[in-house]
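The values are calculated or read from the model by the stated rules, or taken from the named source; none is laboratory data. Model, not experiment: these values are computed from the prediction. Here the Cβ positions follow ideal geometry from the backbone for every residue, glycine too, while neighbour counts run over all protein chains shown. To get the accessible areas, we keep the full protein, side chains included, count just its heavy atoms, and leave off ligands, DNA and RNA. Shrake-Rupley method; radii C 1.70, N 1.55, O 1.52, S 1.80 Å.
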Amino acid sequence: MPEQACRLAIHGGAGVIDRAALTPAREAEFRGALQWIAAAAWARLVAGASALDVVELAVRDLEDFPLFNAGHGAVLNSDGVAELDASIMDGRTRRAGAIAAARTTRHPVSVARAVMERSEHVLLAGGGADRFAALHGLELAPPAHFITAERAAQQRLAAERGRVTLDHDAIFNPADKAGTVGAVARDAQGHLAAATSTGGMTNKHVGRVGDSPIVGAGTWAEDASCAVSATGHGEYFLLSALAHEVHARIALTGADLKSAGAAALARVAELGGSGGLIAIDHRGEIATPYNSEGMYRATVGADGVLRVAIYAD
Ligand code: ASP
């Protein structure tokens, strides 16, 4: 099947990204990372890789990039420790895997995939997720691997002020951070997949789990409808079953992707939550709505052109 079926979108989080505080050098760093990671993922996709492989590999690259809130460079909890959440879903089979509050797995998204493919479970949490990764020979890393000086400083500041915050929150220098990561893809066979990975929210309670590893909240993929990866204030995304909401609107009401995404996000906003999502539907439409100031993202649509964006323009 022709590579015309291929579509890709990745994100590096949505939030208050203050334009004035984002220096040209910092902006160039973010744009460069999104460009490089999306280009590598796109090359694999048009070479025939499955959507599932491509979203996993793109999220692994995003996890390794220290400015994004996932893997190395993830935000820290109230103990100053990174607790990592990730999920992945295969639209072809409607199978999914996820881990929550893991502390020693270098690539949470790959452990999530292993949970999907090598266990009878969907979600493993805490020490159990770390033990599963070790048992299956997946790459481990000591807790210190995930901590950067910037994230440690953010956590101290949030703790001093008694706040639990999104990593772009205005109490920080907004130029210093970017968020949760995710990828959605449609492959040459027309199959969809989605993956999401995060450190969650700065200074979160130990053991707090957000939307990202919850199938139906942070991630959904189903060939007949769409693939979705969300980012934002996780509690509100959980309460809106955001990713499944987008799917359900398409599958049950015949809505198009843009209106399904906007309506689902409106439910998050109704509760006071902000954030965004990236999505690709079964027809190859791409949508990247957000109700925050910006969302780090890159897309490749039907024209094969890679577009990187942070703000609306
Ligand atoms: N949704 C993530 C969480 O609440 C945070 C983010 O997207 O930046 O854990």
Seminar exercise, completed: Answer in debye to the nearest 20: the dipole magnitude of region 184-241 about its Cα centre, from +1 Lys/Arg and -1 Asp/Glu charges placed on Cβ, is 220
Seminar exercise, completed: With a Förster distance of 30 angstrom and the Cβ-Cβ distance between residue 160 and residue 39, calculated FRET efficiency to the nearest 0.05 equals 0.15
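Semi-axes of the equivalent ellipsoid for region 29-159, please: Cα gyration tensor eigenvalues, times 5, square-rooted, ordered largest first, whole Å. Don't skip to the answer; put the middle values down first.
Details: eigenvalues 122, 85, 22 Å².
Semi-axis lengths for region 29-159 are 25, 21, 11 Å.
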Exercise. Once amide H atoms are placed 1.01 Å from N in the peptide plane, what residues at a sequence separation of 5 or more from residue 274, or on another chain, have their amide H within under 5 Å of its amide H?
Worked result: 233
Seminar exercise, completed: Extend 7 Å from the Cα of residue 271 along its Cα-to-C-beta direction; within region 211-231, residues with backbone N under 12 Å of that point are 211-212, 217-218
For this session: Rounded to whole Hz and in sequence order, give me ³J(HN,Hα) for region 272-283 from the Karplus expression 6.51 cos²θ - 1.76 cosθ + 1.60, θ = phi - 60°, writing x for Gly and Pro.
Result: x, x, 10, x, x, 7, 10, 8, 10, 9, 5, 8
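Using Cα-Cα distances under 8 Å and only pairs 6 or more residues apart, what relative contact order does the chain have, in percent?
Numbers: 872 pairs, mean separation 81.4, N = 313.
Taking the mean separation of contacting Cα pairs over the length of the chain, I get 26 percent.
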For this session: Among 227, 266, 202, pick out the residue whose Cα is farthest towards the positive end of the charge dipole of region 194-269, where Lys and Arg carry +1 and Asp and Glu carry -1 on C-beta, about the Cα centre.
Result: 202
Exercise. Taking only the alpha-carbon positions of the chain and ignoring solvent, what does the Debye formula give for the base-10 log of I(q)/I(0) at q = 0.06, 0.08, 0.12, 0.13 Å⁻¹?
Worked result: -0.16, -0.29, -0.67, -0.80
Exercise. What whole-number value in Å² describes the accessible area per residue of the chain for a 1.4 Å probe?
Worked result: 36
Problem set entry | Cβ charges +1 (Lys, Arg) and -1 (Asp, Glu), total dipole of the chain, debye | 160
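When the accessible area of the chain is computed with all protein chains present and a 1.4 Å probe, what percentage of it is carbon and sulfur? Don't skip to the answer; put the middle values down first.
Details: 6070 of 11370 Å².
Carbon and sulfur atoms account for 53 percent of the accessible area of the chain.
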Exercise. Hey, can you list the DSSP H helices of the chain whose Cα span along the axis is 27 Å or longer and whose average Kyte-Doolittle score is at least 0.0?
Worked result: 24-46
Exercise. Kirkwood Rh over Cα pairs of region 51-114 into Stokes-Einstein at 10 °C, 1.306 mPa s: D in µm²/s?
Worked result: 132
Seminar exercise, completed: Where a ≥ b ≥ c are root eigenvalues of the Cα gyration tensor, a/c under 1.5 meaning rounded, otherwise prolate if a/b exceeds b/c and oblate otherwise, region 212-313 counts as oblate
